[in-house]
1. In the range A:24-40, what residues are under 20 Å from A:Met117 (Cα atoms) and surrounded by 21 or more Cβ atoms within 10 Å (Cβ to Cβ)?
2. Which of the residues spanning the range A:132-166 are touching a strand residue (DSSP E or B) at 6+ places or on another chain (Cβ under 9 Å), small (Gly, Ala, Ser) and away from every other protein chain (no Cβ under 14 Å)?
3. Return the pairs, sorted by first residue and then second, in which the second residue is basic (Lys, Arg) and not in a loop (DSSP other than H, G, I, E, B), the first residue lies in the range B:186-208 and is more than 7 Å from chain A (Cβ to nearest Cβ), the beta carbons are less than 8 Å apart, and the residues are 6+ apart or on different chains.
4. Which ranges mark the strands (runs of 3 or more DSSP E) fully within the range A:48-111 that have 3 or more residues being over 21 Å from A:Asp164 (Cβ atoms) and open to solvent by less than 10 Å² (accessible area, probe 1.4 Å)?
5. Listed residues A:Val124, A:Val134, A:Val166; which is closer than 18 Å to A:Leu44 by Cβ and of a type in the set (Val, Ile, Thr)?
6. What are the pairs with Cβ atoms under 9 angstrom where one residue, in the range A:73-90, is charged (D, E, K, R) and the other, located anywhere, is in a strand (DSSP E or B) and open to solvent by 10 Å² or more (accessible area, probe 1.4 Å)? Sequence gap at least six, or different chains.
7. I'm checking my understanding of the structure. Among residues of the range B:267-307 that are open to solvent by less than 40 Å² (accessible area, probe 1.4 Å), within 14 Å of chain A (Cβ to nearest Cβ) and under 23 Å from B:Glu350 (Cα atoms), which one is farthest from the chain's Cα centre (by Cα)?
Protein chains: 2
Amino acid sequence: MPDQPVHPTLDLTRDAVQLTEDLVNIESVSGNEQAIANAVQHALAVCDHLEVQRFGHTLVARTHLGRDERVVIAGHLDTVPLNDNLPARRDDGALRGLGACDMKGGVAVALRIAATMPEPNRDVTFLFYECEEVEAERNGLSKLAASDPDLLQADFAILMEPSDGVVEAGCQGTLRVDVTTRGRRAHSARAWTGVNAIHGAGEVLARLNAYEPRRPVIDGLEYHEGLNAVFITGGVAGNVLPDACVVSVNYRFAPDRSVEEAYEHMREVFDGFEIELSDSAPGALPGLSVPAAAAFLEAVGGRANPKFGWTDVARFSGLGIPAVNFGPGDPHLAHRQDEFVPLEQVRSVEEQLRTWLGGQA
Amino acid sequence: MPDQPVHPTLDLTRDAVQLTEDLVNIESVSGNEQAIANAVQHALAVCDHLEVQRFGHTLVARTHLGRDERVVIAGHLDTVPLNDNLPARRDDGALRGLGACDMKGGVAVALRIAATMPEPNRDVTFLFYECEEVEAERNGLSKLAASDPDLLQADFAILMEPSDGVVEAGCQGTLRVDVTTRGRRAHSARAWTGVNAIHGAGEVLARLNAYEPRRPVIDGLEYHEGLNAVFITGGVAGNVLPDACVVSVNYRFAPDRSVEEAYEHMREVFDGFEIELSDSAPGALPGLSVPAAAAFLEAVGGRANPKFGWTDVARFSGLGIPAVNFGPGDPHLAHRQDEFVPLEQVRSVEEQLRTWLGGQA
């Protein structure tokens, strides 16, 4: 164990709502997961029915019951940056705070199942991993797939990303491009002798404002694309025309497009500008016809929605493992300052998983 | 003397071109003037005809000959940021490098006059000061005007800013406003649930691109205004719609407008947006009818151009002291990566000043 300093304590015998609150109160912005990973590791270490391994701030906990089927139940431990939304607080039947929705409610449910079901009817591989909210190369699941792919082998995977307690199938892909405009520096008092690169970015923003995102229907599910500037930066000094401006654009694309097709589309949209791909992850087609996925869908109500956000279902999809999103919390609230998770949904998602795994409802 | 570590040596008995080169090779980006100020202080300290005082990294060197008239000859020691343009190099009769034009050529001439003319026909106050290229509150001349206004008293002032060896009269004012657009954060995969503040800045850039700067004629001199974004910044994370974007805009305005009128104009241009004034300095009307200014103009050829860039002539103007710009170097090259100063102009400006002060041409 590379690091085991003082850490917060998690009591996995208490209810999932309390556990969600405790998890939210351990700040874990991407890159800062040490404390929460320590707490999770410590809490799982006392479960004799689990083999627990740690990789960086990613934890793998597995049953070894010799069942016919093995399923993955996974959740990421990190959150987007703080936005004046900690500590957690409860009101109106909801728990509010950074990560309440995305996705400490789902992590709490997975931890509860892991700790309290010593003999599930399927072998389970629980994954609690780091750096899902940042670039793909830092993603804990991605790193695990590269270093120890055997640990991810399963017949089916459930990612406990917020999905309003309804199965969400497939996921949209994502990529980021840096669109750079160039100029020529000059003293701002004699602007006519230079070229202002920030002004040049006006056309980039105009194209973004005019862009009409696609909404293709795939396997009966309507996806919804998006094209957004997520960063903009330019400037040299308060009296100098800047010679460069960079607009970082995030394209979320429906799973009928590959990363290559999506990048080609960016080249069309920003035709005439210098663009560079900085990050990408493919989408995943819904795949609900695969038997293990269909069986799970049937067990939890038979209904599915399309998944808009990119999630790690695409990584399982890439490994040939059918995967769905199923977790508490409205996915529309993810990454919003006012995100929350309904207490009742945390409880009902736990019950549905518990029943599916052969436990008492 | 608060600081006198090891410093480069300046030999003021060598020619002004060599001195310009030596000054360029002492990197002195605003805020980093300690080394150059030490070198200047050390070089002037051996001149028995001068009283030398230091304030921060600003130096004041005065003759006390009891002449009827006192004139200020001033130059700033700092430069805009490095842009892969050091060390200095000579070619084609020019010296190239950061600060060669703006304004180490002028500083070299002033230092030469200070060191080699022990008995000028007018008393002279030489000023070599810090932080001209950054916000007004850090400006060494401005600080001196506040702390020791008596030191600036004079009948006339010459700022040795680059003016192509021709008197430049008046100067344009400058102000900066931060134009902020607001949005609402949301996960970029569900962009329709948020508002993208960077996209909102598209309209700010569109107004800048559409803006037609004024070119008013004042006292026979045509000024030329400018409105430019000098910084832009926005973004929270690679998958989050940003809730704020700030465009810093620099307005250079002709001296027929006060700071207040210029700011009011910004409120009109950016009507509907949140704007905040972050920095300002008034312009200066040409003022060539003042006797001391007219006499100097006559002595150096009788020709004057309008000054586009803001310079500290406005500060002298504010103190009731007529002031002009007169220095070697094309002002259009100031702040450009490829700035240079013609060697011949450095020499001819020195000669004209020397003659005006009663020396041998």
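1. Answer for the range A:24-40, where residues must be under 20 Å from A:Met117 (Cα atoms) and surrounded by 21 or more Cβ atoms within 10 Å (Cβ to Cβ): just A:Val40.
2. Result: A:Gly140, A:Ser142, A:Ser147, A:Ala154, A:Ala157, A:Gly165.
3. Listed pairs, sorted by first residue: B:Gly194/B:Arg184; B:Val195/B:Arg182; B:Val195/B:Arg184; B:Ala197/B:Arg182; B:Gly200/B:Arg182.
4. Details: elements: A:51-55, A:58-62, A:70-76, A:89-91, A:94-96.
Per the criteria, A:58-62.
5. Values: A:Val134 fails: closer than 18 Å to A:Leu44 by Cβ; A:Val166 fails: closer than 18 Å to A:Leu44 by Cβ.
Matching residue, one of A:Val124, A:Val134, A:Val166: A:Val124.
6. A:Asp78/A:Val29; A:Arg89/A:Arg96; A:Arg90/A:Arg96
7. The qualifying residue farthest from the chain's Cα centre (by Cα) is B:Pro306.
Let's see how each residue does on (1) among the polar types (S, T, N, Q); (2) at pLDDT 95 or above; (3) farther than 18 Å from A:Ala186 by Cα:
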| position | (1), (2), (3) |
| --- | --- |
| B:Ala210 | no, yes, yes |
| B:Leu221 | no, no, yes |
| B:His224 | no, yes, no |
| B:Ala229 | no, yes, no |
| B:Gly238 | no, no, yes |
| B:Asp243 | no, yes, yes |
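The values are calculated or read from the model by the stated rules, or taken from the named source; none is laboratory data. Here the structure is a predicted model, which means the values were calculated and not measured. Counting neighbours? That spans all protein chains shown, and the Cβs are built from the backbone with ideal geometry, glycine included. Surface accessibility is based on the protein's heavy atoms, side chains included, excluding ligands, DNA and RNA. Shrake-Rupley method; radii C 1.70, N 1.55, O 1.52, S 1.80 Å.
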